[in-house]
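Note sheet for the following structure.
Every read-out reported here was derived from the displayed coordinates using simple, explicitly stated rules and does not represent laboratory data. Since the model is a prediction, treat every value here as computed from it, not as a measurement. Backbone-built Cβ (ideal geometry, glycine too); neighbour counts: all protein chains shown.
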Amino acid sequence: MHSNGVKFLLALKNASVLKKEIVFFYYNNLFLKLAKVLYRTGLIQNFCIEKKHNKNFQIVVSLKYSFNIGILNSLKIISKPSISLFLDYEKICRVSEKNRILILSTNEGFLTSDECKKRKIGGKVFFYV
């Protein structure tokens, strides 16, 4: 399971609740993939990779707010190390999302439910906002 991914998402949610504008993370490929999908879906304002003075890299995430309320405040993690929820293509098509963004971990990376419907693939439900 992506326990580091869960920590990344919880750190973003906590920063959003505390109304932080920028959050720093050490560089990790999983964090980068999650930041890309969050940016692609419009859940974060921006992200970039910076080089620190000691040759290490860090990911800088700018959070997004709507009417002074963090967009990531309603983030809910579905799959945990003890519980995994897998959805195939047919089940994803049946799920009705009312203003919800569902992110799945697939063999093609992290995708939204709409992208999974277009590609006709299923995966493990990771989180929704």
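In this simple spin-label model, placing a label point 7 Å from the Cα along the Cα-to-Cβ direction at both residue 21 and residue 62 gives a separation of 0.9 nm.
Please identify every one of the chymotrypsin sites (Phe, Trp or Tyr not before Pro) in region 14-61 that sits in a loop by DSSP and has no more than 11 other beta carbons within 10 Å of its own beta carbon.
Answer by residue number: there is no such site.
When the pairs 7/36; 13/118; 36/120; 33/118; 36/80; 20/64 are compared against a 18 Å limit on Cα-Cα distance, 13/118; 36/120; 33/118; 36/80 fall above it.
Any idea what angle helix 3-17 forms with the longest principal axis of the chain, computed on alpha-carbon atoms, 0 to 90 degrees, nearest 10? Helix 3-17 sits at roughly 70 degrees to that axis. What the phi angles of region 55-72 give under the Karplus curve with 6.51, -1.76 and 1.60, with θ = phi - 60°, is a coupling list of 6, 8, 9, 9, 9, 10, 10, 9, 7, 10, 10, 10, 6, 6, 10, x, 5, 7 Hz, glycine and proline written as x.
For residue 29 and residue 52 in one chain, what is 0.36 nm times their gap in residues minus the Cα-Cα distance, to one decimal in nm?
Residue separation times 0.36 nm, minus the Cα-Cα distance, leaves 6.6 nm.
With contributions of -39500 (n - 2.57) from each DSSP H run of at least four residues, the per-residue ellipticity at 222 nm computed over the chain stands at -9000 deg cm²/dmol.
For region 82-94, backbone phi angles converted through the Karplus equation (6.51, -1.76, 1.60; θ = phi - 60°) give residue-by-residue couplings of 8, 10, 10, 10, 9, 10, 8, 4, 5, 5, 5, 5, 7 Hz, Gly and Pro being listed as x.
The HN-Hα couplings worked out from phi for region 101-106 by the Karplus form 6.51 cos²θ - 1.76 cosθ + 1.60 (θ = phi - 60°) are 10, 9, 10, 10, 9, 10 Hz, whole numbers, x standing for Gly and Pro.
List 48, 93 from most exposed to least, where exposure is judged by having the fewest other Cβ atoms within 10 Å.
The most exposed by this proxy come first: 48, 93.
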